[in-house]
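The values are calculated or read from the model by the stated rules, or taken from the named source; none is laboratory data. Since we're looking at a predicted model, the values are computed, not measured. FYI the Cβ positions are ideal-geometry reconstructions off the backbone, even for glycines, and counts take in every protein chain you see.
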Ligand code: ADP
């Protein structure tokens, strides 16, 4: 009987141990499952964060990025790439040629090899629009030589190329412009030195030509320096309130002798407006426009300076002549450096071809616009805008009040 109880006790004990053990195992399994789920969630979160960071980085790059799989099909294309190439189909899964239709690029990618896994070239993409692209291509290779992924980076260098071309043209133009008066000076100096010009009248003519060409060189260098200063942004404008009618009056008085030499009548119809400008720079603008209007306008013709208020805060100034005017294509280009409609006429008049480029820079530095309207045979009108001033503390008090009423009168027109 005693043994029975002992056996029962042992059985019960074993059962209890088993239940405790089973419970413990179930608890451990649950803990493991929770830990594993937490770990998986963390892993997924980290992967998502890394993906978000990569996507954000690729989206923010101004360079176009293309990632190719081992079969050279597109795996990834960033927004800059899509903007650059504007592919007709969604790039992912397509071949490089389908997406870019650019054989030269395909050849470049094919050239990548384990011994030369990266290449950079500047290629002209036909567009539209046509663009110069600096393309860097790099491929990953398996140790057995198989190509894995390829990455292509596209950097748009069209603007850099354009600037380089403009710079080269400018240097060529400057050299040409400098060489012309210099060769005249040299020629006449040699004539005088050789003693060939024995006639005093001829000697005088030689010296006059030398002086004229030396002046031309001086003018050219002055204009080039002004332009360089303006373009570098180093010129600090001394802005102040300027009374436009008085300013124009003063300029017209200065230009009367020059106009009289061509029997040109100078007129002004400028209402009492006050503008915000640097007087020295404004003088350069008006001087260039008046000089051109007299030079290229009609002999015995009229040149008129007028102004009006545009909106509430701008003044538009116009310099009009009744000369031969400009053809439409020239109206687009006259503000370019060294652009001339009639090269011979400009040189004969002592022009440097830089006057209107200087005008454009000065007006733009003032925050204004400059343009020309013209029809062949019907004169030309050059316009520019400046900031209007209603009342300023710095303005001459006497001027200010009369000008303020002028501005209001202008607004009612
Ligand atoms: P330039 O020193 O030759 O006068 P500008 O830059 O002042 O240089 O002018 C550029 C060109 O624009 C001139 O060579 C001339 O052909 C043309 N041009 C300028 N003003 C006028 C005008 N009022 N009428 C006709 N052509 C003009």
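Within the range 255-266, the set of residues being surrounded by fewer than 22 Cβ atoms within 10 Å (Cβ to Cβ) and touching a helix residue (DSSP H, G or I) at 6+ places or on another chain (Cβ under 8 Å) comprises 255, 258, 259, 262, 265, 266. Residue check: is residue 296 within 7 Å of the ligand (Cβ to nearest atom), under 28 Å from residue 212 (Cα atoms) and in contact with a helix residue (DSSP H, G or I) (Cβ under 7 Å, 6 or more places away or on another chain)? Against the criterion (within 7 Å of the ligand (Cβ to nearest atom), under 28 Å from residue 212 (Cα atoms) and in contact with a helix residue (DSSP H, G or I) (Cβ under 7 Å, 6 or more places away or on another chain)), residue 296 does not qualify.
Just to verify a result, which residue in the range 360-375, among those that are more than 18 Å from the chain's Cα centre (by Cα) and more than 8 Å from the ligand (Cβ to nearest atom), is surrounded by the fewest Cβ atoms within 10 Å (Cβ to Cβ)? So, considering only residues that are more than 18 Å from the chain's Cα centre (by Cα) and more than 8 Å from the ligand (Cβ to nearest atom), the one surrounded by the fewest Cβ atoms within 10 Å (Cβ to Cβ) is 375.
Here is a yes/no grid of residues against (1) surrounded by 14 or more Cβ atoms within 10 Å (Cβ to Cβ); (2) modelled with pLDDT under 90:
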site	(1), (2)
58	yes, yes
64	yes, no
68	yes, no
89	no, yes
109	yes, no
131	yes, no
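Can you find a residue in the range 219-239 that is touching a strand residue (DSSP E or B) at 6+ places or on another chain (Cβ under 6 Å) and under 25 Å from residue 323 (Cα atoms)?
Step one: of the range 219-239, the residues touching a strand residue (DSSP E or B) at 6+ places or on another chain (Cβ under 6 Å) are 239.
Keeping just the survivors that are under 25 Å from residue 323 (Cα atoms) gives none.
Within the range 219-239, none of the residues are touching a strand residue (DSSP E or B) at 6+ places or on another chain (Cβ under 6 Å) and under 25 Å from residue 323 (Cα atoms).
When the residues of the range 234-245 are filtered to those that are out of contact with any helix residue (DSSP H, G or I) (no Cβ under 8 Å at 6 or more places or on another chain) and exposed (fewer than 14 other Cβ atoms within 10 Å of the Cβ), which remaining residue is farthest from residue 317 (Cα to Cα)? Write out each step before concluding.
Restricting attention to the range 234-245, the residues satisfying the condition of being out of contact with any helix residue (DSSP H, G or I) (no Cβ under 8 Å at 6 or more places or on another chain) are 234, 236, 239, 244-245.
Within this subset, residues satisfying the condition of being exposed (fewer than 14 other Cβ atoms within 10 Å of the Cβ) are 234, 236.
Details: 234: 26, 236: 23 Å.
So the residue we want is 234.
Looking at this structure, is residue 357 more than 8 Å from the ligand (Cβ to nearest atom) and either in a helix (DSSP H, G or I) or modelled with pLDDT of 95 or more (or both)? Taking the combined requirement at face value, the residue does not satisfy it.
Scanning the range 274-293 for residues that are without any contact (Cβ under 8 Å) to a residue 60 or more places away in the chain and out of contact with any helix residue (DSSP H, G or I) (no Cβ under 9 Å at 6 or more places or on another chain) returns a single hit, 280.
Being part of a helix (DSSP H, G or I), out of contact with any strand residue (DSSP E or B) (no Cβ under 9 Å at 6 or more places or on another chain) and farther than 16 Å from residue 136 by Cα, is that true of even one residue in the range 58-65? First the steps, then the outcome.
Restricting attention to the range 58-65, the residues satisfying the condition of being part of a helix (DSSP H, G or I) are 58-60.
Subsequent filtering for residues that are out of contact with any strand residue (DSSP E or B) (no Cβ under 9 Å at 6 or more places or on another chain) retains 59-60.
Those left that are additionally farther than 16 Å from residue 136 by Cα: 59-60.
Yes, some residue in the range 58-65 is part of a helix (DSSP H, G or I), out of contact with any strand residue (DSSP E or B) (no Cβ under 9 Å at 6 or more places or on another chain) and farther than 16 Å from residue 136 by Cα.
Of all residues assigned to the range 148-156, none qualifies as being at negative phi, free of Cβ contacts under 8 Å to residues at least 40 places away in the same chain and surrounded by fewer than 16 Cβ atoms within 10 Å (Cβ to Cβ). Residues that are more than 27 Å from residue 389 (Cα to Cα) and within 13 Å of the ligand (Cβ to nearest atom) are absent from the range 310-318 altogether. Of all residues in the range 319-343, those satisfying the criterion of being over 19 Å from residue 303 (Cα atoms), part of a helix (DSSP H, G or I) and near the ligand (Cβ under 10 Å from one of its atoms) are 330, 333, 343.
The one condition from (1) part of a helix (DSSP H, G or I); (2) in contact with a helix residue (DSSP H, G or I) (Cβ under 9 Å, 6 or more places away or on another chain); (3) over 22 Å from residue 84 (Cα atoms); (4) without any contact (Cβ under 8 Å) to a residue 60 or more places away in the chain that residue 180 does not meet is (4).
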